[in-house]
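Worksheet for the structure shown next.
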Amino acid sequence: MTFHYQSAEEIGKSYRSSDISPTEVTESFLARIEQLDGELLSYATVMRDQALEDAEAATRMFKNGEDLGPLHGIPIAVKDLCFTKGTKTMGGTAVLEDFVPDFDSTVVSKLKAAGAILLGKLNLTEGAMGGYNPKRQAPKNPWDFSKWPGGSSSGSGSATAAGLCTGSLGSDTGGSIRFPSAACGIVGIKPSYGKVSRYGVLDLGQSLDHVGPMTRNVVDAAMILNAISGLDENDSTTRTSLPISVEELKKMDLNGVRIGYDHDYSYEGVDSEIADLVLGTLDVLKDSGAVIVDMTMPPVDDYLGAWKTLCSAEALDAHSEHYPSRSNDYGLWFRGWLENGASVTALDYVRANNDRIKCNALIAEAFSEVDAMICPTIIRFPHDVDDSVHYGPMDSLRGTSFQRFTVPFDYNGYPTVSVPCGFGSQGMPASLQIVGKLFSEELICKIAYSYEISTEWHKRHPIP
């Protein structure tokens, strides 16, 4: 029996009916990783021995009638910037290639407490920004190895889409959960800022960083988000928030929910196939009872330049222990990013932050008459990539940023969920983004589930 494309919910039901065991499922995933990841390159570290030990413990617990909840015995992997006690956390960079944390990040600790089986750590772009360190591997897009897999959570997108884990964790500072979710045709939630602790997660931009789940369906994403959310005394930005009710999601009742859509925002500069596929989702949502509202997004493009100033300066702070003292150990792209951060003055940062504040206020005004909005996740389908792009300087990635649909919601911390909404003529996935107000994760997941269950896109997989 194969389990690699089963949902966490399906696997969990089989555990509880004693049809299969966590040991069997974990062994199956480890075998698939061994079979496929030599080409996909999604894993930085496979935690085989620990995963099998934890799976055997979960198997014994189920036999004894002990049940930790919906993630008990579910094989999950995490982006390799989440601290894992006793296992390397390299952050995609050579300066941390020997770093072994002596404690778990809060999100990893919460996954373990929920009974999840940690399969390993997933590759990413260097420092969770752009480009790869020469000592690290660039994951492949499982739909087409020559195409961009998204970033920075590239390994999370690749492994999840290809069935090398049931779900994964990614992080998002300017789009890094949403880009690989879109490029690899999976579901990704960028939660509200403050919903999920970043304690023990390597920083890129401290005021912009979010950690969230990446899965093949909305319910699994909601279950993982529930497990990792909550107040954490080690992260002062966290807030108490209600968990998502999976039962509520499945009611599929969107009666009276006001969903905003800005035609110009969703079409301007966007591949027409993607824009048309996103437009086509409106009818599906209306059939579920939603009210589609014409809304006008502010000119967010006017404020995107501030992100580079803010993020590069905050990245410089995050890497101050190693840069510039070990600048030659960084790859060309990320070194250039840190150099940019070093050039930012206090006045530059203040002005950029003022732009962020203005953008946030304008978006809040645009959302005043709606409960949520929809738009594309990225402006075009995954482009061709090779080593000159992956390992080149910052200029080599010019034109590959899709930030107009992502950065504004890292600025203001609004939650988003990206879901597959079709395929282009070249066979690559397109993605719908649903955006809500702060801590409205249950609502946007309900919208996403209602769309997902009315379509077949989430049932398509790239590799048998």
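The values are calculated or read from the model by the stated rules, or taken from the named source; none is laboratory data. This structure is a prediction, so every number in the text was calculated from the model and none was measured. Virtual Cβ from ideal backbone geometry, glycine too; neighbours counted across all protein chains shown.
Table for the structure above
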read-out: Members of segment 83-102 that are outside any loop (DSSP other than H, G, I, E, B) and either touching a helix residue (DSSP H, G or I) at 6+ places or on another chain (Cβ under 7 Å) or small (Gly, Ala, Ser) (or both); value: 84, 94, 95
read-out: Lone qualifier among 429, 462 - being modelled with pLDDT of 95 or more, crowded, with 21+ Cβ neighbours inside 10 Å and not charged (D, E, K, R); value: 429
read-out: Residues that are part of a helix (DSSP H, G or I), closer than 14 Å to residue 119 by Cβ and polar (S, T, N, Q), drawn from segment 154-167; value: 156, 158, 160
read-out: Single condition residue 39 does not satisfy, out of (1) under 27 Å from the mean Cα position of the chain (by Cα); (2) surrounded by 16 or more Cβ atoms within 10 Å (Cβ to Cβ); value: (2)
read-out: Subset of segment 325-337 [in contact (Cβ under 8 Å) with a residue 40 or more places away in the chain and not hydroxyl-bearing (Ser, Thr, Tyr)]; value: 326, 329, 331, 332, 333, 334, 336, 337
read-out: Residue match in segment 266-289 (condition: part of a loop (DSSP other than H, G, I, E, B), under 15 Å from residue 446 (Cα atoms) and of a type in the set (A, V, I, L, M)); value: no
read-out: Residues of segment 186-219 classified as touching a Leu at 6+ places or on another chain (Cβ under 9 Å), closer than 14 Å to residue 416 by Cβ and buried (at least 23 other Cβ atoms within 10 Å of the Cβ), total; value: 11
read-out: Criterion: touching a Gly at 6+ places or on another chain (Cβ under 9 Å), closer than 30 Å to residue 353 by Cβ and in contact (Cβ under 8 Å) with a residue 12 or more places away in the chain - qualifying residue of 460, 404; value: 404
read-out: Within segment 290-307, tally of residues that are at pLDDT below 95 and within 21 Å of residue 447 (Cβ to Cβ); value: 0
read-out: Residues located in segment 198-215, provided they are in a loop (DSSP other than H, G, I, E, B), among the small types (Gly, Ala, Ser) and under 14 Å from the mean Cα position of the chain (by Cα); value: none
read-out: Residue check for residue 93: over 23 Å from residue 193 (Cα atoms) and under 15 Å from the mean Cα position of the chain (by Cα); value: no
read-out: Candidate set from segment 10-36 (those that are outside any helix (DSSP H, G or I) and polar (S, T, N, Q)); member that is surrounded by the most Cβ atoms within 10 Å (Cβ to Cβ); value: 21
read-out: Single match in 374, 357 (criterion: farther than 18 Å from residue 184 by Cβ and surrounded by fewer than 18 Cβ atoms within 10 Å (Cβ to Cβ)); value: 357
read-out: Exclusive hit being in a loop (DSSP other than H, G, I, E, B), crowded, with 24+ Cβ neighbours inside 10 Å and of a type in the set (Gly, Ala, Ser), set 151, 170; value: 151
read-out: All helices (runs of 4 or more DSSP H) inside segment 317-411 with 3 or more residues being within 26 Å of residue 192 (Cα to Cα); value: 346-366, 407-411
read-out: Complete set of residues in segment 414-464 that are within 14 Å of the chain's Cα centre (by Cα) and part of a loop (DSSP other than H, G, I, E, B); value: 415
read-out: Verdict on residue 394 being crowded, with 22+ Cβ neighbours inside 10 Å, over 29 Å from residue 244 (Cα atoms) and in contact (Cβ under 8 Å) with a residue 24 or more places away in the chain; value: no
read-out: Complete set of residues in segment 264-309 that are among the hydroxyl-bearing types (Ser, Thr, Tyr) and either within 11 Å of residue 405 (Cβ to Cβ) or free of Cβ contacts under 8 Å to residues at least 24 places away in the same chain (or both); value: 265, 266, 267, 272
read-out: Selected residue (only one of 249, 304, 285, 279 is within 30 Å of residue 202 (Cα to Cα) and either surrounded by 16 or more Cβ atoms within 10 Å (Cβ to Cβ) or in contact with a strand residue (DSSP E or B) (Cβ under 7 Å, 6 or more places away or on another chain) (or both)); value: 304
read-out: Residues located in segment 221-246, provided they are of a type in the set (S, T, N, Q) and buried (at least 18 other Cβ atoms within 10 Å of the Cβ); value: 226, 229, 238, 241
read-out: Pairs with Cβ under 9 Å, 6+ apart, first in segment 13-34 and farther than 15 Å from residue 61 by Cα and free of Cβ contacts under 8 Å to residues at least 24 places away in the same chain, second buried (at least 17 other Cβ atoms within 10 Å of the Cβ) and not small (Gly, Ala, Ser); value: 34/46
